[in-house]
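Q: The structure's right below; bear with me while I get my questions together.
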Amino acid sequence: MPAGLDALGELLDRVAERQRQDFGQLDSEAKADGSLITACDRWSDAALVAGLAQLYPGDGVLSEEGNQRVPATPAFWVVDPLDGTTNFAAGIPYWAISLARFEGGVPVLAVLDVPPLRQRIVAIRGGGAWRKGKPLQAPSARNQGAGCASLCSRSIGVLQKLPHQRFPGKIRLLGVASLNLVSVAMGQTISALEATPKIWDLAAAWLVLQELQCPMRWLLRDPEGLQPGEDLADANFPVLAARDQRTLDTFQPWADALVGEG
């Protein structure tokens, strides 16, 4: 973690270790929206919300498993305690903890912790992004030969809407919205299309993408400037992200098809 964030790092270390211990040991249940939840999701959410209240007593918290209304405080946190619960519950070792601190309607600090890989990605608005403490370069500054593109389970249907157009990438479905998006910033994929991400899915990845000069296109609604008190439980923010503008334009027809414009 960058200097000054040691206590936040210790909080994440504690939650990540508990998740690794619980992995493969817990049953899951379905929530009202059809997504899964485990006891570890609930414990992680409570631990993070309590920890943030202690470390940042003036900040509100919006979390997937807790308060889903935008706090009225000048700064607030958006928390996804365990993004990728389906993977976690199925014994697939790929999930993330996502935290982002918002000021003025936008994320100013983002942390994505990947417990099974023991990796942590941090971004600070105007300051860059790091993985495992090492600065990251924009993917547009690096060669990308594999040409992988991320689709979520709800966006893969766009392939049927454009049957006569060849999809311009090797498809990957990783099952973790935050990591699908941040895979573009990391240079692992060239583009990502997410159909129904919630604010807690995308908050941290949003800042990482911005700090690494990856263009994003909000397909229905821009989440910047959320209103205090707004209930985001059912709000989706479909988005297309890419390594550079040319790649974004190449994938735009599939984004249009996703939201019914193709």
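Q: Out of the residues in the range 5-38 that are part of a loop (DSSP other than H, G, I, E, B) and modelled with pLDDT of 65 or more, which is nearest to residue 97 (Cα to Cα)?
A: Restricting attention to the range 5-38, the residues satisfying the condition of being part of a loop (DSSP other than H, G, I, E, B) are 5, 23-27, 31-35.
Adding the requirement that they be modelled with pLDDT of 65 or more leaves 5, 23-25, 33, 35.
Values: 5: 16, 23: 14, 24: 17, 25: 18, 33: 20, 35: 17 Å.
Out of the qualifying residues, it is 23.
Q: Then there's this: All but one of (1) surrounded by 22 or more Cβ atoms within 10 Å (Cβ to Cβ); (2) hydrophobic (A, V, I, L, M, F, W, C); (3) part of a helix (DSSP H, G or I) hold for residue 248, so report the exception by its number.
A: All conditions are met except number (1).
Q: Select from the range 87-103 the residues that are in contact (Cβ under 8 Å) with a residue 60 or more places away in the chain and out of contact with any Phe, Trp or Tyr (no Cβ under 9 Å at 6 or more places or on another chain) and write down the one among them that is surrounded by the most Cβ atoms within 10 Å (Cβ to Cβ). Reasoning before the result, please.
A: Initial filter on the range 87-103 (in contact (Cβ under 8 Å) with a residue 60 or more places away in the chain): 87-89, 91-100, 102.
Keeping just the survivors that are out of contact with any Phe, Trp or Tyr (no Cβ under 9 Å at 6 or more places or on another chain) gives 89, 92, 96-97.
Values: 89: 21, 92: 16, 96: 30, 97: 25.
The selected residue is 96.
Q: Determine, yes or no, whether residue 154 is within 19 Å of the chain's Cα centre (by Cα) and modelled with pLDDT under 95. Full working, then the answer.
A: Values: within 19 Å of the chain's Cα centre (by Cα): yes; modelled with pLDDT under 95: yes.
Taking the combined requirement at face value, the residue satisfies it.
Q: Does residue 49 satisfy the condition of being part of a helix (DSSP H, G or I), among the β-branched types (Val, Ile, Thr), modelled with pLDDT of 95 or more and out of contact with any His (no Cβ under 7 Å at 6 or more places or on another chain)? Write out each step before concluding.
A: Working: part of a helix (DSSP H, G or I): yes; among the β-branched types (Val, Ile, Thr): yes; modelled with pLDDT of 95 or more: yes; out of contact with any His (no Cβ under 7 Å at 6 or more places or on another chain): yes.
For residue 49, the condition - part of a helix (DSSP H, G or I), among the β-branched types (Val, Ile, Thr), modelled with pLDDT of 95 or more and out of contact with any His (no Cβ under 7 Å at 6 or more places or on another chain) - is met.
Q: Follow-up. Which one of the conditions (1) touching a Phe, Trp or Tyr at 6+ places or on another chain (Cβ under 8 Å); (2) part of a loop (DSSP other than H, G, I, E, B); (3) farther than 27 Å from residue 173 by Cα does residue 73 fail to meet, given that it meets all the rest?
A: Condition (1) is where residue 73 drops out.
Q: With (1) modelled with pLDDT of 95 or more; (2) farther than 19 Å from residue 8 by Cβ as the list, and residue 86 as the residue in question, which single condition is left unmet?
A: (1)
The values are calculated or read from the model by the stated rules, or taken from the named source; none is laboratory data. What you are looking at is a predicted structure, and each value in this text was computed from that prediction instead of being measured. Positions of Cβ are generated from backbone atoms using ideal geometry, with glycine treated the same way; all protein chains shown enter the neighbour counts.
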